[in-house]
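The values are calculated or read from the model by the stated rules, or taken from the named source; none is laboratory data. The structure presented is a predicted model; accordingly, all values stated were derived computationally and were not measured. Cβ coordinates were reconstructed from backbone atoms using ideal geometry, including for glycine residues, and neighbour counts include every protein chain displayed. In case anyone asks, the SASA skips ligands and DNA or RNA and just uses the protein heavy atoms, side chains included. Shrake-Rupley method; radii C 1.70, N 1.55, O 1.52, S 1.80 Å.
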Amino acid sequence: MITRRGFFRFLGGSVLAAAALGSYAVGIEPMLLTRVKRYALTPPNWPDGLKLRVVALADIHACRPWMTPERIASLAEEANALEPDIIVLLGDYVAGTRMVSGWVDSHEWAPALSGLKAPLGVFSILGNHDWWEDLTAQKAGQGPTIARRALEAAGIPVMENDVVRLEKEGHGFWIAGLADQLALRPGRAWGRKGFTGLHDVRGTLAKVGDEAPVILLAHEPDIFPDVPSRVALTLSGHTHGGQVRLFGYSPVVPSRYGNRYAYGHVVEAGRNLIVSGGLGFSIAPIRFGVRPEILTIELG
Ligand SMILES: [Fe+2]
């Protein structure tokens with residue numbers, strides 16, 4: 001049985017070898033070429049007249065040479081050029097692989113994101129890597145994480161089991177952000193046997209004060225079976241579409257549901273989930289069949 005880590009390490013080694021042989025253009029460049037992935041939907045009970053364009057960036061995984069502050073700043077410009085009403089960041093800002101030529105710390109990646117601009121605002125959640133790389137938070141079993149403080153210092157609100165009510169042309173709607181489902185790693189020193197999530201779906205939605213639609217930001221899509229139909233749309237990242245995807249199938253997906261929530265638009269019992277393929281890399285610098293993407297979602 002091949003592990004996800006082993007699979008990516010093997011492929012990563014092959015890509016580095018190929019790059020050394022001079023196939024940069026065919027091997028590496030397409031893995032870094034961002035595309036805009038568009039969705040348009042009208043969730044059940046969506047109010048007439050509310051037209052909303054949401055742009056989402058997921059799994060940035062800042063590190064050199066793959067995701068430098070300069071590249072992050074240019075992704076922010078690309079996102080702004082899509083003329084969104086609102087921009088959401090779906091977590092995992094920090095490096096997700098050891099195959100780097102240099103680290104990019106929060107004092108570099110957070111300011112690069114501060115260029116994001118949208119009339120109704122920019123909102124963020126955290127991902128598992130933002131927690132895992134913060135040993136102080138791991139030890140304490142709580143935040144605020146380094147990533148949270150850096151985002152806030154850059155003027156970007158971070159939502160961990162929190163909601164905000166916004167309005168466009170007189171129509172209200174809510175953005176709800178879930179705390180990470182894998183935030184605390186197991187460790188004897190920390191007294192934890194397994195991964196511990198800090199998410200609270202029920203408590204978060206209890207803060208929603210009226211009938212206006214809710215868009216839920218949840219880094220890992222695995223929460224989706226627990227999301228009530230009160231939520232119009234759930235937005236997730238984390239899977240990177242498996243990083244390798246062939247004919248709509250991903251051989252390895254960091255989800256207990258395998259391919260069910262690996263990538264794209266999922267509708268279950270009238271509930272909508274969109275999983276971004278993300279922008280960066282986990283474990284190894286590999287992408288095949290899943291280009292880095294910025295989402296633009298038209299609701300209404
Ligand atoms: Fe993640």
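Filtering 185, 202, 192, 230 for residues that are surrounded by fewer than 19 Cβ atoms within 10 Å (Cβ to Cβ) and either within 16 Å of the ligand (Cβ to nearest atom) or hydrophobic (A, V, I, L, M, F, W, C) (or both) leaves a single hit, 185. Consider only pairs whose beta carbons are under 8 Å apart and that are at least six residues apart or on different chains; among these, list those whose first residue lies in the range 31-48 and is of a type outside the set (A, V, I, L, M, F, W, C) and assigned to a loop (DSSP other than H, G, I, E, B) and whose second residue is at pLDDT 95 or above and open to solvent by 80 Å² or more (accessible area, probe 1.4 Å). Every condition considered, the pairs that remain are 44/229.
Within the range 64-82, is even one residue on the phi > 0 side of the Ramachandran plot, over 15 Å from the mean Cα position of the chain (by Cα) and without any contact (Cβ under 8 Å) to a residue 60 or more places away in the chain? If you could, list the steps in order and put the result at the bottom.
Residues of the range 64-82 on the phi > 0 side of the Ramachandran plot: none.
No; the residues of the range 64-82 include none that is on the phi > 0 side of the Ramachandran plot, over 15 Å from the mean Cα position of the chain (by Cα) and without any contact (Cβ under 8 Å) to a residue 60 or more places away in the chain.
For residue 140, are the conditions met, namely being on the phi < 0 side of the Ramachandran plot, in contact with a helix residue (DSSP H, G or I) (Cβ under 8 Å, 6 or more places away or on another chain), away from the ligand (no atom under 14 Å from the Cβ) and open to solvent by 10 Å² or more (accessible area, probe 1.4 Å)? Don't jump to the end; show me each part of the working.
Details: on the phi < 0 side of the Ramachandran plot: yes; in contact with a helix residue (DSSP H, G or I) (Cβ under 8 Å, 6 or more places away or on another chain): no; away from the ligand (no atom under 14 Å from the Cβ): yes; open to solvent by 10 Å² or more (accessible area, probe 1.4 Å): yes.
It is false that residue 140 is on the phi < 0 side of the Ramachandran plot, in contact with a helix residue (DSSP H, G or I) (Cβ under 8 Å, 6 or more places away or on another chain), away from the ligand (no atom under 14 Å from the Cβ) and open to solvent by 10 Å² or more (accessible area, probe 1.4 Å).
Checking each residue in the range 147-176 for being within 16 Å of the ligand (Cβ to nearest atom) and over 26 Å from residue 209 (Cβ atoms) picks out only 147.
Does the range 276-286 include one or more residues that are in contact (Cβ under 8 Å) with a residue 12 or more places away in the chain, open to solvent by 40 Å² or more (accessible area, probe 1.4 Å) and more than 12 Å from the chain's Cα centre (by Cα)? Break it down into steps so the answer makes sense when it comes.
First, the residues of the range 276-286 that are in contact (Cβ under 8 Å) with a residue 12 or more places away in the chain: 276-286.
Add one more test, that the residue is open to solvent by 40 Å² or more (accessible area, probe 1.4 Å), and what stays is none.
No, that holds for no residue.
Mind checking which residues of the range 95-116 are in contact with a Phe, Trp or Tyr (Cβ under 8 Å, 6 or more places away or on another chain) and polar (S, T, N, Q)? Hits for the range 95-116 are 97, 106.
Cβ-Cβ distances below 6 Å connect the following pairs, each with a first residue in the range 120-131 that is closer than 16 Å to residue 63 by Cα and near the ligand (Cβ under 10 Å from one of its atoms), a second residue that is in a strand (DSSP E or B) and open to solvent by 10 Å² or more (accessible area, probe 1.4 Å), and a separation of six or more residues or different chains: 129/94; 129/96; 130/94.
Note on the range 82-102: among residues that are modelled with pLDDT of 95 or more and more than 25 Å from residue 181 (Cβ to Cβ), the one that is farthest from the ligand (Cβ to nearest atom) is 83.
I want to confirm something. Restricting to the range 169-182 and keeping residues that are open to solvent by 40 Å² or more (accessible area, probe 1.4 Å) and in contact with a strand residue (DSSP E or B) (Cβ under 9 Å, 6 or more places away or on another chain), which single residue is nearest to residue 91 (Cα to Cα)? Step by step, filter the range 169-182, then rank; the result is 182. Within the range 262-280, being within 16 Å of residue 40 (Cβ to Cβ) and in a loop (DSSP other than H, G, I, E, B) holds for one residue alone: 276. Is one or more of the residues making up the range 201-220 more than 18 Å from residue 275 (Cβ to Cβ) and in contact (Cβ under 8 Å) with a residue 60 or more places away in the chain? Checking the range 201-220: at least one residue is more than 18 Å from residue 275 (Cβ to Cβ) and in contact (Cβ under 8 Å) with a residue 60 or more places away in the chain.
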